[in-house]
Amino acid sequence: MPSAKYQEVYAKTREIKSGPSNDEQLDLYGWAKIVEGKDIESQPKPGMFDIKGKKTRERWQKFVDEGVTPEQAEKNYIELAEKLIAQYGS
């Protein structure tokens, strides 16, 4: 179950309109999926021409393969998100 801190930071990152790099956004996406307890195997695979979908799934899969726990993912998400909020505002 995601913490209140995670939920607060998650909401603030949704308000950032521009600034974070693609890699930063992919990291946030992958960690969020793990924190929220989503099962990558139960999610449909992106289509052949869905480049964005492929990249997001690849990052999520990378974290799953590394054995990132929901607790680690939440800690990583909050740290990066707070840095991005401070840098780019919300």
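The values are calculated or read from the model by the stated rules, or taken from the named source; none is laboratory data. Since this is a predicted model, take the numbers as computed values, not measurements. Positions of Cβ are backbone-derived with ideal geometry, glycine not excepted, and every protein chain shown enters the neighbour counts.
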Screening 16, 51, 34, 78 for residues that are surrounded by fewer than 16 Cβ atoms within 10 Å (Cβ to Cβ) and of a type outside the set (D, E, K, R) leaves only 51
Filtering the stretch 31-45 for residues that are within 10 Å of the chain's Cα centre (by Cα) and either farther than 19 Å from residue 1 by Cβ or aromatic (Phe, Trp, Tyr) (or both) leaves a count of 1
Over the stretch 3-49, the set of residues of a type in the set (Gly, Ala, Ser) and without any contact (Cβ under 8 Å) to a residue 12 or more places away in the chain is 4, 11, 21, 42, 47
Apart from one, (1) surrounded by fewer than 18 Cβ atoms within 10 Å (Cβ to Cβ); (2) touching a helix residue (DSSP H, G or I) at 6+ places or on another chain (Cβ under 6 Å); (3) not in a loop (DSSP other than H, G, I, E, B) all hold for residue 7; the odd one out is (2)
**Study point:** Test: residue 24 is out of contact with any Lys or Arg (no Cβ under 6 Å at 6 or more places or on another chain) and under 19 Å from residue 6 (Cβ atoms)
**Key:** yes
Residue check for residue 59: in contact with a Leu (Cβ under 8 Å, 6 or more places away or on another chain) and either in contact (Cβ under 8 Å) with a residue 12 or more places away in the chain or at negative phi (or both)
yes
Task: So residue 79, is it out of contact with any Asp or Glu (no Cβ under 9 Å at 6 or more places or on another chain), under 16 Å from residue 21 (Cα atoms) and part of a helix (DSSP H, G or I) - done: yes
Screening 87, 61 for residues that are at pLDDT 95 or above, among the polar types (S, T, N, Q), more than 10 Å from the chain's Cα centre (by Cα) and not in a loop (DSSP other than H, G, I, E, B) leaves only 61
